[in-house]
Structure formats: C-alpha cells, structure tokens
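**Q** This is the structure I have questions about; it appears just below.
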Amino acid sequence: MKRQPVIVILLLIAIVVTGNFLYFSNQTVTLNFYSHPDKNGTIRESIQVFETENPKIEINLVELPDNTNEKYDIIRAKLAEQDGSVDIVDSDVTWPAIFVKEKWIEPLDKYFSQEELAEHFESSIESARINGKLYGIPYRYDSGLIFYRKDLLNKYGFKAPESFDELLAIAKTITANENDLYGYAGSWKNFEGLTCNYIEFLWASGGDMAVNADGVVQFEQKQGYTALKTMTDLIYKYDLVPPEATNFSSGDVRKLFANGNLLFMRDWPAGWAVVNSPDSKVQSQVGAMPIPSLHEKNISPGTYGGWQYMISKNSKHKTAAVKFLKFITSDTEQKRSFTAYSYLPSKRQLYYDSEILAKVPFAIDLAEYFNQAKPRPRVANYDMVTLILQSEVHKALVGDQSPEEAVVNISDRLSGLSK
C-alpha cells in the first residue's frame, strides 16, 4: 500500500513531462529576418517554400532600405539592443569585423561542415572569417570587372587588352575615331563604390592596404599615388573619362554604357543584365574581362563585394536560424535569386549551370578570376577607413587637391585611427 503514492507521483510527473514535451514540440518559432527590400516578391516566395517545408518555423521578414549605408545604420542599432529581437542579418561583406568586435554575431563553424563550405568560392568564405572564425554564409557573389564593346574592338582590329597600358592605347585610338564616345568610366561618386574602384587601381599598381598586428590599416603611398594619378589623368590628361563620372553610381555608368557612349566600363556582374537589356543600344555587343594590371600583361583582382547571412549572438532560436541559412543559401535558392536579380551565386558549381550560362555567358570564363577577388580591409573601424579613402580620393578627382596631397592625407588620417 505504501508504494501507491509513489506510483501516483511518478504518473503525475510523467503526465507533466509528456504534456510539456507535447506543448513545446508543437510551438512555432518565429525568426526575425533583416533583409534587402523584397522588390518583386522573390524573398517572400522563398520564405513560403521554407515555411511549407518547416511548418514550425515562421519567418518575419523585416525589409531594409535599398541604400547600403541606411541598412547598416538600422542593423547596427538593432544588434546593439542585444535583446534577441534580431535572428538573421543580411550583411554586406564589410560589416562582420565591425559586428564581431561588438560581440553581436554568432560564430558558425560548428554548424557547417567543411564539405558544405567548400561548395562556395574560397574568397567568399575567407571574407566571412574574422580571426580564424566563420561569421557569415555567402549567398551572392560580386567582384569588380571590366565590360567592353566587342563590336568596336573588332571594328578596329583589337582584342581584349591584357594590360592597362593596352586598354589606354585602344581607348585613345577608338575614341579619336568615334563620335560621342568616352574611353573609360567607373562609379566615382563620393561613396563606397569609389573605395572599391580606387583600391582596384591600387592593387593594379602593385600596392595594397595591409592591416598590422595592432589592427591599423597601412597605406602604401608610392603605389597609392600611381593609382590616383592614373585616375585623374584619365579625366584631365587623356579626356577618356567624362568629368561627370565623379558623380556616377553604378546605375549612372551603366546608363552611359547602355546608351552606346562608353568603350570600357568598370562594374559589377549585375550590370550585365542592364547593358544587355532589350532597350540597351549595345545589346549582344558586350564582352567581359578581368581588371588588367597597370603596366604588365597580367590580371589584377577585383574588389570582393558579396553579401552573406549572419546570425545574431543574442538570437533565442539559433538552431532554427541555421536551418533557414542552409535553405536560403542552397543551390536552388541562389538560382532563384539569380533569376530575379541577376545576382551571381557564391557556389562554384553553379557557374557551370546551363540556365545561368544562358543569361551570363562570361560566368564560366571568369569563375576562377572571381575566386581571386580581394576583400577590403577587414577591420572593426572600416567605416572610418572607407570615409577617409572616399573623401580624399574624391577631392583629387574633382581637382580640389593634387594626387600627391591626397595620398599624404590618406596615410596621415589612417595612421591616426585607433584600432
């Protein structure tokens, strides 16, 4: 008889445990996903597929502004609250170092196998590593490259240039014989795109921006001067770059090229869809090539400019968030993103996909070049670094200071930044 109360207690415990298990196992998890604006419903389409496959996980899509700086300000402010209201962040490649320093982002190494990571371009994975740890999973690949007018090069008997000197010579010859045609342009407005354009000229000159052991960005003035003098000469000495290029964003330079008024254009892969659209005057007349070295017959790396997904350190649903990351960065979803926005995928095998190659035929030829893309300095104060570069380079481009003055100012201001 004494054992009866014990049995009753055990039964009650079993009922409570079972009830709690059934209750919690039937609960729906909601993930707050801070993302690009869903301009054509593609993101919601992906979310619907995921939620159908995972009925106990709901995705609350928080659409951010189109402007990258505005996105950054909102995400930074939300992560700083550290209240668990952010689960997944759509991140520009330059943000991880900033957020990692603040301890806002979850390391992802334990969630992804080496086999899974090896599917992506090595450069995209390495750009997501800070101090040896992985903090982001890429889904969109960007690298600087050059688009050019195949028809005009063929007309004058030229092949695609293998050095910047060759590019310069070709541009001089063709623009001298064609009306309303500029030889070269990039996105030289005072914004992040100018940082990318300038650093590519720096790399093409043999220079770099290294980060020392104290986390300070070091600037090589000699090569920095060569890079900036080349850019200013293209405007003022050779008259190959339109003066208004100092106000060009990507959309502006693509418009000039698509209108038939530009021979060589530094751009991102997404520009291919614009210059080959039905209303483009150069449709089917465009080639793509790596960025050439300034003096040698060699290629120079483009700026890695991809996007990736990160998980908040304070997320209360990390397991569910990882499941969504694996879904949204899958082959199928990267192809969906490509179809909707012409975003090149981060997964190497997709560059051999027939549907992608039908729309972007240069992808297979430049796949290995893209894998050589270099990141901008991965430092926690990158926002200050890029503002220094943009402002000083832009002043030289518009004639407010000489290239010599600009590189000295860049070096001095970078040296004055603390870690």
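The values are calculated or read from the model by the stated rules, or taken from the named source; none is laboratory data. Note that the structure is a prediction, hence the values are computed from the model and not measured. Cβ sites come from the backbone with ideal geometry, for glycine too, and all protein chains shown count toward neighbours. For accessibility, only protein heavy atoms count, side chains too; no ligands or nucleic acids. Shrake-Rupley method; radii C 1.70, N 1.55, O 1.52, S 1.80 Å.
**Q** Those residues that are outside any helix (DSSP H, G or I) and more than 18 Å from the chain's Cα centre (by Cα), I need them from region 264-282; list them, please.
**A** Passing the criteria: Phe264, Met265, Asn276, Ser277, Pro278, Asp279, Ser280, Lys281, Val282.
**Q** What pairs come out if I take residues in region 34-60 that are farther than 17 Å from Arg336 by Cα and pair them with residues that are exposed (fewer than 12 other Cβ atoms within 10 Å of the Cβ) whose C-beta lies under 7 Å away, six or more apart or interchain?
**A** Here the result reads Lys56/Thr28; Glu58/Thr28, each pair linking region 34-60 to a residue that is exposed (fewer than 12 other Cβ atoms within 10 Å of the Cβ).
**Q** Based on what the data block shows, is Ser249 touching a helix residue (DSSP H, G or I) at 6+ places or on another chain (Cβ under 8 Å) and open to solvent by less than 30 Å² (accessible area, probe 1.4 Å)?
**A** No: the conditions fail for Ser249.
**Q** Among residues belonging to region 271-286 that are crowded, with 18+ Cβ neighbours inside 10 Å and of a type in the set (Gly, Ala, Ser), point out the one that is farthest from Lys155 (Cα to Cα).
**A** That would be Gly271.
**Q** Being over 30 Å from Asn131 (Cα atoms) and surrounded by fewer than 20 Cβ atoms within 10 Å (Cβ to Cβ) is the requirement here; does Tyr156 meet it?
**A** Criteria met by Tyr156.
**Q** Taking region 132-153, which residues are exposed (fewer than 15 other Cβ atoms within 10 Å of the Cβ) and over 18 Å from Ala288 (Cβ atoms)?
**A** Gly132, Lys133
**Q** All but one of (1) farther than 30 Å from Met384 by Cα; (2) modelled with pLDDT under 95 hold for Phe50, so report the exception by its number.
**A** All conditions are met except number (2).
**Q** Okay, next question. Please verify whether region 312-327 includes one or more residues that are open to solvent by less than 50 Å² (accessible area, probe 1.4 Å), touching a helix residue (DSSP H, G or I) at 6+ places or on another chain (Cβ under 9 Å), within 23 Å of Arg378 (Cα to Cα) and among the β-branched types (Val, Ile, Thr).
**A** Within region 312-327, not a single residue is open to solvent by less than 50 Å² (accessible area, probe 1.4 Å), touching a helix residue (DSSP H, G or I) at 6+ places or on another chain (Cβ under 9 Å), within 23 Å of Arg378 (Cα to Cα) and among the β-branched types (Val, Ile, Thr).
**Q** Among residues belonging to region 69-115 that are outside any helix (DSSP H, G or I) and of a type in the set (Val, Ile, Thr), point out the one that is farthest from the chain's Cα centre (by Cα).
**A** Val86
**Q** Here is a further query. Residue check: is Asp383 touching a helix residue (DSSP H, G or I) at 6+ places or on another chain (Cβ under 9 Å), in a loop (DSSP other than H, G, I, E, B) and open to solvent by 30 Å² or more (accessible area, probe 1.4 Å)?
**A** When the stated conditions are applied, Asp383 does not pass them.
**Q** Only one of these is under 23 Å from the mean Cα position of the chain (by Cα), hydrophobic (A, V, I, L, M, F, W, C), assigned to a helix (DSSP H, G or I) and crowded, with 19+ Cβ neighbours inside 10 Å: Ile174, Ile199. Name it.
**A** Ile199
**Q** If you take just the helices (runs of 4 or more DSSP H) that sit entirely in region 331-373, which of them hold at least 3 residues that are open to solvent by less than 80 Å² (accessible area, probe 1.4 Å)?
**A** Hits in region 331-373: 331-341, 363-370.
**Q** Take the residues in region 148-183 that are of a type outside the set (A, V, I, L, M) and in contact with a helix residue (DSSP H, G or I) (Cβ under 6 Å, 6 or more places away or on another chain), then tell me which one is nearest to Thr386 (Cα to Cα).
**A** Looking at residues that are of a type outside the set (A, V, I, L, M) and in contact with a helix residue (DSSP H, G or I) (Cβ under 6 Å, 6 or more places away or on another chain), I get Gly183.
**Q** What are the pairs with Cβ atoms under 6 angstrom where one residue, in region 259-279, is at positive phi and the other, located anywhere, is of a type outside the set (Asp, Glu) and open to solvent by less than 20 Å² (accessible area, probe 1.4 Å)? Sequence gap at least six, or different chains.
**A** Pairs that qualify, where the first residue is at positive phi and the partner is of a type outside the set (Asp, Glu) and open to solvent by less than 20 Å² (accessible area, probe 1.4 Å), are Gly260/Val282.
**Q** Does Ser113 satisfy the condition of being open to solvent by less than 40 Å² (accessible area, probe 1.4 Å) and of a type in the set (Ser, Thr, Tyr)?
**A** Answer is no for this residue.
**Q** Something else: Residue pairs, Cβ under 6 Å, 6 or more apart or interchain, first in region 214-237 and open to solvent by 30 Å² or more (accessible area, probe 1.4 Å), second not in a helix (DSSP H, G or I). List them.
**A** Partner pairs satisfying both residue conditions: Asp214/Lys419; Gln218/Ala210; Gln218/Asn212; Glu220/Gly207; Gln223/Ser205; Gln223/Gly206; Gln223/Gly207; Thr226/Ser205.
**Q** Still on this structure, I have one more. As an exercise: evaluate Asn60 against (1) open to solvent by less than 60 Å² (accessible area, probe 1.4 Å); (2) over 22 Å from Asn381 (Cβ atoms); (3) polar (S, T, N, Q); (4) at pLDDT 95 or above and give the number of the one condition it does not meet.
**A** (1)
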